[in-house]
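So the structure is just underneath, and the comments pick up after that.
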Amino acid sequence: MTTSTAAGTDPVDLRDPAQLLAAFPYLFGFRPENSVVLLGHRPPGTVVGLLLRADLPARKHRAHQAEALAQRFASSPHTGVTAAVIGGKPPRGGRPPHAGFVHHLDRALAGHGLRMLHALWAPEIVSGAPWACYQDTVCGGVLPDPRGTVAAAVTTESGQVAFASRAEMERQLEPRCPEALARRAAALAALPAPPWDPADAVAEGGAEIRAALERQRRGAGPPTDEQAVRLACALADKRVRDACLATALPADTPIARQAEALWLTLVRELPAPHRAEAACLLGYAAYMRSDGTFAGMALANALAAVPGHLLSRLLAGALDHGFTPESLAGLARCEGVADLGLSGEPPGDPVRSERRGGSG
C-alpha cells in the first residue's frame with residue numbers, strides 16, 4: 001500500500017535527519033510503521049517535492065518495489081531523494097536492518113538519474129527512539145518528541161491531528177449507518193429523475209448545497225433520508241459538482257472547512273455509486289490544504305464507488321506525480337463553471353489558469 005502527499009508545502013527541515021524523521025506523523029497525518037518513506041528534493045534542493053510512503057516489501061519483491069517507487073520521482077523535477085526505513089530491530093554493530101532493500105532503492109533511483117542523498121532508519125517514530133544512517137556509521141542519535149517539531153506546530157494550528165495509524169485515519173470514511181445507506185439506495189433507485197424541473201437543475205442543486213452548508217455550520221447533524229437523496233441528485237449534476245470545487249479555496253477558511261466537513265459527512269451518508277462525487281470533492285479539498293494522505297484516501301473511496309470516475313482518476317494521478325496544490329487550483333476557477341455563490345473567495349473577475357485535466 002502506497003501513500004502520496006502533495007509536494008512543495010510541508011514545513012520540514014531537510015537538513016536535520018532527526019527532525020525530519022520525527023515530523024513524519026504530521027506530514028502523513030498518521031504514524032508510519034513497517035514502512036519505507038521517500039522524500040524528493042525539488043530544485044534548488046531544499047524544497048520538499050513528492051513524498052511517498054509504502055509498506056516494506058517481502059524479500060522477493062524488493063527489486064520490483066524499489067523500481068516502482070523510483071519511477072514516481074522520474075516524472076517530475078527532483079535533485080535527489082532522501083529515503084527512510086521505519087521498522088526492524090536496532091543494529092548491533094552493523095548497518096541498520098533492511099539494508100538490502102535500501103541498496104535496491106539506490107540502484108533504482110540511479111537508473112532514473114537520481115541520487116539517494118540520505119538513507120535513514122528508525123525502528124519507530126516516538127520520542128527517544130534510536131535512529132541511524134545506512135551511508136555513515138557515525139551518523140545517528142535519538143529522535144526528539146514528534147510533538148515538538150515545526151510540522152506538528154503547523155498541523156495543530158490548522159486544526160488537524162496525527163492519527164495513531166493509517167487504518168485509524170481511513171476509518172473516518174466508513175459509513176455511519178449501513179441501514180440508512182440501504183434505505184437511500186432504494187429511494188435513489190426508485191427515483192425516475194431528480195426532484196426538480198430540468199431547466200432549474202443547476203439553481204435547485206446549488207440551493208440544496210447551500211442549505212446543507214448552513215446545516216453544517218449550525219451543527220445540525222447527519223442529513224435525513226430525504227435530504228441525503230436530494231443532495232445525491234444535486235451532486236450527480238456535473239455542473240453543480242464542478243461549482244462545488246470553489247468551496248476548497250482559499251484553503252483553511254471557514255467556508256472551506258465547512259464544505260470539507262459536509263463532503264466527509266456525505267461520503268459516510270450516501271451509498272455507492274452516489275457517494276463518488278462527495279468523495280471526489282473531499283479529495284480535492286484535502287489536496288488544496290496539502291493533506292495528500294487524506295486526499296488519496298478520499299479519491300480511492302470515490303474510485304471504489306465508481307471505478308471509471310474521471311475527475312477522481314485525474315486528481316489521483318496528479319497526487320501520485322507530486323503536483324502542487326497551486327498547480328490544480330485552476331480547477332475551481334475554470335471559465336464556464338457555474339457560479340452558485342459557493343466560493344470562499346471575494347467577488348471579482350474569474351481567475352484564469354492553465355488546467356491540467358478535465359472533469360467527468
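Ignoring the sites themselves, what is the longest stretch of the chain with no GluC sites (Glu not before Pro) in a DSSP loop and at most 10 other beta-carbon atoms within 10 Å? List each step's numbers first, then the result.
Values: sites that count: 335, 354.
Here the longest segment lacking exposed loop sites spans 1-334.
For the chain, excluding the exposed loop sites themselves (trypsin sites (Lys or Arg not before Pro), DSSP loop, at most 12 other Cβ atoms within 10 Å), the longest remaining stretch covers 177-351.
The ranking of 75, 327 by Cβ neighbour count inside 10 Å, starting from the fewest, reads 75, 327. Projecting the Cα atoms of 122, 26, 162 onto the charge dipole of the stretch 2-169 (Cβ charges, centred on the Cα centre) puts 122 farthest toward the positive pole.
Computed over the chain, the quotient of the alpha carbon radius of gyration and 2.2 N^0.38 Å is 1.06. Expressed to the nearest 5 percent, the antiparallel share of DSSP beta bridges inside the stretch 2-169 is 75 percent.
Mean residue ellipticity at 222 nm from the helices of the chain, using -39,500 (n - 2.57) per DSSP H segment of n ≥ 4 over the full residue count, to the nearest 500 deg cm²/dmol? Intermediate results must be reported in sequence, preceding the final value.
Values: 14 runs with 160 residues, N = 360.
About -13500 deg cm²/dmol.
The alpha carbons of the stretch 262-320 stretch over 26, 23, 13 Å along the principal axes, in descending order.
When the Cα positions of 146, 267, 303 are compared along the charge dipole of the chain, 146 comes out farthest toward the positive end, with charges on each C-beta of Lys, Arg, Asp and Glu.
Computed from point charges on the beta carbon alone (+1 for Lys and Arg, -1 for Asp and Glu), the dipole magnitude for the chain about its Cα centre is near 1060 Debye. Each of residue 89 and residue 167 was given a label point 7 Å from its Cα along the Cα-to-Cβ line. The distance between the two points is 2.4 nm. Cysteines in the chain that lack a partner Cβ within the 4.7 Å cut-off: 177, 233, 244, 280, 334.
Rounded to the nearest 5, what % of DSSP beta bridges with both residues in the chain are antiparallel? Of those bridges, close to 75 percent are antiparallel. Both radii come from the Cα set of the stretch 2-169: Rg as radius of gyration, Rh as Kirkwood radius; their ratio Rg/Rh reads 0.93. Between residue 321 and residue 129, the simple label model (points 7 Å from Cα in the Cβ direction) yields a spacing of 3.3 nm.
When +1 charges are put on Lys and Arg Cβ atoms and -1 charges on Asp and Glu Cβ atoms, the dipole computed for the stretch 12-152 relative to its Cα centre reaches about 320 debye.
Multiplying the residue separation of residue 310 and residue 99 by 0.36 nm and removing their Cα-Cα distance gives an extension gain of 72.0 nm.
Bear in mind that the values in this text are calculations on the coordinates, not laboratory data. Computed from a predicted model, the values in this text were never measured in an experiment. Backbone-built Cβ (ideal geometry, glycine too); neighbour counts: all protein chains shown.
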